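See below for the structure under consideration.
The values are calculated or read from the model by the stated rules, or taken from the named source; none is laboratory data. These numbers were taken from a predicted model, which means no experiment stands behind them. Ideal geometry is used to build each Cβ from the backbone, glycine not excepted, and the neighbour counts take in all protein chains shown. In case anyone asks, the SASA skips ligands and DNA or RNA and just uses the protein heavy atoms, side chains included. Shrake-Rupley method; radii C 1.70, N 1.55, O 1.52, S 1.80 Å.
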Amino acid sequence: MQSAPPLAFPDAHGGALELPASLSGRGIAVRAARTHDIDWLRGMYRRLRAQEFAPMGWPAQALHAFLDQQFTMQHVHYIRHYQRADFLMVERDGQRLGRIYLQRTAPEHLLVDISLDESARGSGIGGALIVWAQDEARALGRGMRLHVEHGNHGARRLYERLGFVVVDAMPTHALMRWESDMR
């Protein structure tokens, strides 16, 4: 049996990404994700999703293998279906905190994914990153859309606070849209 090729990221598409003072003043930066980030991202995925699957009662090794497989399938899906996206790592003072994947194309931007490690949750970083992405879309006269899992109530409340509204409900996710006031 032939082994799968190592996971990688496509080449970065966007130009320089300057964050507002509300983030950069706190030591927050974004940079293009690179192949050497994959192991850290896989570990973050495991940490964030393990509790969700703990009720299954699987042995730790089986849960670990399952979550690794889920991460790989998600990663492959993202790079295949969002080839024009910017796959960005979020860092504070050079230490990885999470990821934000943005497809910044017309007619509206797509927030493909935003995930922050537990140490960065609840500190306003995620909201500030989304506002930054909204400001960028607004400057181009574009809106933004995203998908949120039905059970992710905290994320949905955040998105609603930032002006996103549900426009369609699918079996596992809701499609939310934010309209720029410049449209």
> Under a 5 Å amide H to amide H cut-off, with H placed in plane at 1.01 Å, what residues pair with residue 163 once short-range neighbours are removed?
Replying inline: none
>> For Kirkwood radius over Cα pairs in Å, pick the label among (i) 16.3; (ii) 17.4; (iii) 19.7 that corresponds to the value derived from the coordinates.
In response: (ii)
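For the chain, what is the charge dipole size about the Cα centre, in debye to the nearest 20, if Lys and Arg each add +1 at the Cβ and Asp and Glu each add -1 at the Cβ?
On the way: 22 positive and 20 negative charges, 15 e Å.
That gives the chain a dipole magnitude of about 80 debye.
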>> Accessible area of the range 41-183 with a 1.4 Å probe: how many percent of it is carbon plus sulfur?
In response: 50 percent
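Under the 0.36 nm per residue contour assumption, what length would be gained going from the current alpha-carbon distance of residue 76 and residue 169 to full extension? Mind showing how you got there, number by number?
Values: separation 93, 0.36 × 93 = 33.48 nm, distance 2.41 nm.
Difference between extended and current length: 31.1 nm.
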> Residue-wise, which Karplus ³J(HN,Hα) couplings in Hz belong to the range 154-165, taking 6.51 cos²θ - 1.76 cosθ + 1.60, θ = phi - 60°, and x for glycine or proline?
Replying inline: x, 5, 4, 4, 4, 4, 5, 4, 8, x, 7, 10
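So what is the calculated 222 nm ellipticity per residue for the chain, using -39500 (n - 2.57) for each DSSP H run with n of 4 or more, over all residues, to the nearest 500 deg cm²/dmol? Spell out each step's value before the answer.
Working: 5 runs with 66 residues, N = 183.
Helix-only estimate at 222 nm: -11500 deg cm²/dmol.
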